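One structure is given here, and the rest of the page talks about it.
The values are calculated or read from the model by the stated rules, or taken from the named source; none is laboratory data. Keep in mind that this is a model prediction, so the values were computed, not measured. Using ideal geometry, Cβ is built from the backbone for each residue, glycine included, and neighbour counts are taken over all protein chains shown.
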Amino acid sequence: MSPLPDAHVDIPHWELQNNTGSVTVVLSGTWLARTADIPRFPDDSFLQRRGDSGTLEFNTQAVQSWDTGLIAFIWEVTRAAKDAGLHTSLEQLPAPMRKLMELLPDTIASPAPVAPRPKLLETIGSGSINGLAEIGTVTELTVEVIKNGCLTLVGRGRMRGVDLLNDTVDAGPSALLIVGVVNLLVGAILAFVGASQLQKFAAGIYVAALVGIATVREMAAVMTAIIMAGRTGGAYAARISTMQGNEEIDALRVFGIPVSTYLILPSVLSLTITMPFLYLYGCVIGMFGGFLVATAMLDLTPAGYFHATISAFGVGQFLFGFVKSIVFGAFIGLTSCRIGLKAGRSASDVGIAATRAVVVGIVGVILIDAIFAVVANAVGI
Amino acid sequence: METVLSVEDLTLAFGPKVIQQDITFDVRRGSIFAVMGGSGCGKSTLLKSMIGLLRPKTGRYTVDGEDYWAGSDAHRTDLNHRFGVLFQSGALWSSMTVGENVALPMQMFTELDTDAIRRLVELKLGFVGMLPAMDLYPSEISGGMRKRAGLARALALDPDILFFDEPSAGLDPITSARLDDLILNLRDGLGATIVIVSHELSSLFRIADSGIFLDAKTKKPIAHGSPVDLRDHCEDPQVHAFMNRTRDEEEKSP
């Protein structure tokens with residue numbers, strides 16, 4: 001060990017003094033965790049004393065100033081001493097240090113063993129079971145929502161009208177601007193793409209049919225649903241998972257207020273009600289976007305474009321998109337509420353739930369749309 | 001003993017709504033100062049103004065003679081590094097483990113290396129008996145444990161002034177008594193000055209050296225002194241009722 005430094009040297013310093021029957025740790029200098037580098041106590045310092053039932057003592061008279069850095073060091077020494085079978089005496093420590101040392105446990109428990117990684121087969125198995133259970137829960141929830149919805153229709157439900165109104169305003173009129181902007185641009189983009197190709201064949205007038213059919217059959221419904229999944233679905237999931245964190249859901253359960261009527265039904269209903277109207281609105285705006293581009297790029301008269309659009313599709317196409325958007329609305333409402341209910345209770349869980357609701361909403365909408373397309377093709381709409 | 005924190009004629013308000021006014025008191029170094037009063041009287045609001053979360057409407061608040069609210073935001077942040085705050089429900093950051101919660105301030109504001117930080121985190125969690133929960137997330141531990149972990153985090157930067165907001169609210173009597181011991185030991189060990197907002201009488205009688213009693217109706221402090229003094233000698237009927245756990249005189253008469 002190096003000799004004791006001068007009293008005015010500030011670096012933290014320690015040395016061991018071996019006496020018969022006892023070891024003294026002599027400490028000196030400034031032991032501030034923030035400003036000085038607190039040395040580490042070597043674990044093998046007591047090796048030669050192992051098996052010797054001596055006493056460990058401390059001498060802190062030359063310590064100038066200290067904070068928890070010193071306590072951290074003394075704690076390490078006492079733990080090493082315990083491992084070496086030495087008895088520690090804190091008598092010589094000044095009262096403040098002793099009080100802090102008394103708070104500390106004399107061992108650090110080894111960290112809990114990490115659970116072994118599950119095997120591949122186990123992962124597949126538990127994944128499948130969870131998937132099946134999830135399908136069951138969602139189905140149950142759907143049935144309950146439909147049942148409560150019917151009860152509400154005949155006036156026996158317990159849904160609060162004001163909740164439905166608030167949710168509907170939020171999912172409907174408040175969304176008009178963004179749904180309008182997106183559909184206008186999608187219609188315009190379709191017209192651009194169509195015009196540049198069809199012009200080559202001198203078939204510019206078919207731009208109207210292209211924009212009309214694409215908007216009515218697919219684009220208006222899908223784009224509106226994607227916007228609503230991001231905007232409203234995410235909001236529902238975040239709201240319900242925050243309520244979960246505040247024990248609000250627990251309070252509803254204890255009172256026996258069915259979560260499906262009180263929380264989920266207004267959300268699902270409002271999306272199911274507003275979505276078809278947003279779809280119709282999106283169709284009109286989308287076709288208007290196509291109209292603007294087509295009349296500007298091609299030499300089409302407004303009246304001619306209008307006629308070409310009208311004659312391009314029938315009521316069946318409209319009905320197809322209309323039904324689709326109702327399904328999208330119900331799907332987004334149900335899944336986002338379910339994801340909110342399933343979320344954990346911490347702040348980061350709220351973020352995870354909102355993200356998941358948006359992702360599941362968008363992917364699900366596109367999947368459902370694909371199923372519709374296949375069915376429509378088979379039926380011949 | 002010298003004064004560390006000094007509050008003069010402080011008025012606290014949310015917009016036009018005055019919460020408390022004419023608050024004046026000094027806190028001596030190494031003492032435990034209690035802010036008392038019924039629910040909704042502005043105790044926590046006073047604490048907020050002392051840790052930089054709410055600018056008082058008027059009045060002066062000094063820390064070691066430096067005007068806390070007169071300086072820049074950066075100056076206030078520097079002063080705040082002398083503070084350790086235990087929030088009412090622990091306020092642990094939920095995306096981090098207990099250990100990471102304690103480590104973060106050290107990583108942000110000290111030059112310590114990873115190993116030194118780990119040693120200090122272990123020490124601070126050891127003080128509050130939370131070492132076994134080091135790798136758990138806040139959502140995995142109980143409310144009392146969250147509070148103790150919050151205390152370990154408050155100690156992260158070795159503050160010399162500690163603020164506790166309702167440290168024993170929601171804890172069982174034994175845990176609460178242990179927390180009192182812990183607070184006393186930390187005060188004696190670290191020499192810290194402690195401001196504690198509480199209406200937990202048994203704990204106040206045990207640990208607080210001096211204090212102030214805020215009244216919700218008059219929006220003013222109505223008594224100064226240590227909780228034990230206020231219990232035994234205060235003439236004010238409301239303070240007397242509060243400290244002795246009897247009902248208010250007005251409430252008793254029909």
Selection count where residues are surrounded by fewer than 24 Cβ atoms within 10 Å (Cβ to Cβ), farther than 16 Å from A:Gly351 by Cβ and under 17 Å from the mean Cα position of the chain (by Cα), scope region A:220-245
1
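So which of B:Ser44, B:Ser95, B:Ser39 ends up being within 14 Å of another protein chain (Cβ to nearest Cβ) and modelled with pLDDT under 90?
B:Ser95
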Just to be sure before I move on: is A:Ala209 surrounded by fewer than 20 Cβ atoms within 10 Å (Cβ to Cβ) and part of a loop (DSSP other than H, G, I, E, B) in the structure I sent?
no
Here are the criteria: (1) hydrophobic (A, V, I, L, M, F, W, C); (2) over 24 Å from A:Leu278 (Cα atoms); (3) part of a helix (DSSP H, G or I). Tell me which single one A:Val179 does not satisfy.
(2)
The lone exception for B:Ser94 - which of (1) touching a helix residue (DSSP H, G or I) at 6+ places or on another chain (Cβ under 7 Å); (2) under 29 Å from B:Pro227 (Cβ atoms); (3) hydroxyl-bearing (Ser, Thr, Tyr) it fails
(2)
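Restricting the search to region B:75-92, which residues are within 13 Å of chain A (Cβ to nearest Cβ) and either at pLDDT 85 or above or surrounded by fewer than 19 Cβ atoms within 10 Å (Cβ to Cβ) (or both)?
Passing the criteria: B:His81, B:Arg82, B:Gly84, B:Ser89, B:Ala91, B:Leu92.
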Within region A:113-157, how many residues are in the same structural domain as A:Ser260 (by TED's automatic domain parsing), surrounded by 11 or more Cβ atoms within 10 Å (Cβ to Cβ) and over 19 Å from A:Val327 (Cα atoms)?
3
Qualifying residue in region A:85-94 (condition: free of Cβ contacts under 8 Å to residues at least 40 places away in the same chain, among the β-branched types (Val, Ile, Thr) and either closer than 30 Å to B:Leu120 by Cα or within 14 Å of another protein chain (Cβ to nearest Cβ) (or both))
yes
Out of contact with any strand residue (DSSP E or B) (no Cβ under 6 Å at 6 or more places or on another chain), in a loop (DSSP other than H, G, I, E, B), farther than 16 Å from A:Thr232 by Cα and away from chain B (no Cβ under 14 Å) - does that describe any residue in region A:344-353?
no
Would you be able to say whether some residue in region A:196-216 is in the same structural domain as A:Cys150 (by TED's automatic domain parsing) and under 33 Å from the mean Cα position of the chain (by Cα)?
yes
Condition (residue is under 21 Å from A:Leu100 (Cβ atoms) and among the acidic types (Asp, Glu)) applied to region B:149-159: is it met by at least one residue?
yes
Listed by first then second residue, the pairs whose first member lies in region B:12-30 and is on the phi > 0 side of the Ramachandran plot, whose partner is surrounded by 15 or more Cβ atoms within 10 Å (Cβ to Cβ) and polar (S, T, N, Q), with beta carbons under 7 Å and at least 6 positions apart or on separate chains, are B:Gly30/B:Thr193
Residue among A:Ala171, A:Ala195, A:Ala203 that is of a type in the set (A, V, I, L, M, F, W, C) and closer than 25 Å to A:Val363 by Cα
A:Ala171
Within region B:32-113, helices (runs of 4 or more DSSP H) holding 3 or more residues that are assigned by TED's automatic domain parsing to the domain that holds B:Leu201 and under 16 Å from the mean Cα position of the chain (by Cα)
B:43-50
Selection from region B:126-151 of residues that are more than 10 Å from chain A (Cβ to nearest Cβ) and either within 19 Å of the chain's Cα centre (by Cα) or at positive phi (or both):
B:Gly143, B:Gly144, B:Met145, B:Arg146, B:Lys147, B:Arg148, B:Ala149, B:Gly150, B:Leu151
Just one listed residue, out of B:Ile183, B:Ile161, B:Ile207, B:Ile194, is closer than 30 Å to B:Leu120 by Cβ, touching a Ser or Thr at 6+ places or on another chain (Cβ under 6 Å) and in contact (Cβ under 8 Å) with a residue 40 or more places away in the chain, and it is B:Ile161
B:Val18 passes all but one of the listed conditions (1) modelled with pLDDT of 90 or more; (2) β-branched (Val, Ile, Thr); (3) under 15 Å from B:Pro221 (Cβ atoms); the exception is number (1)
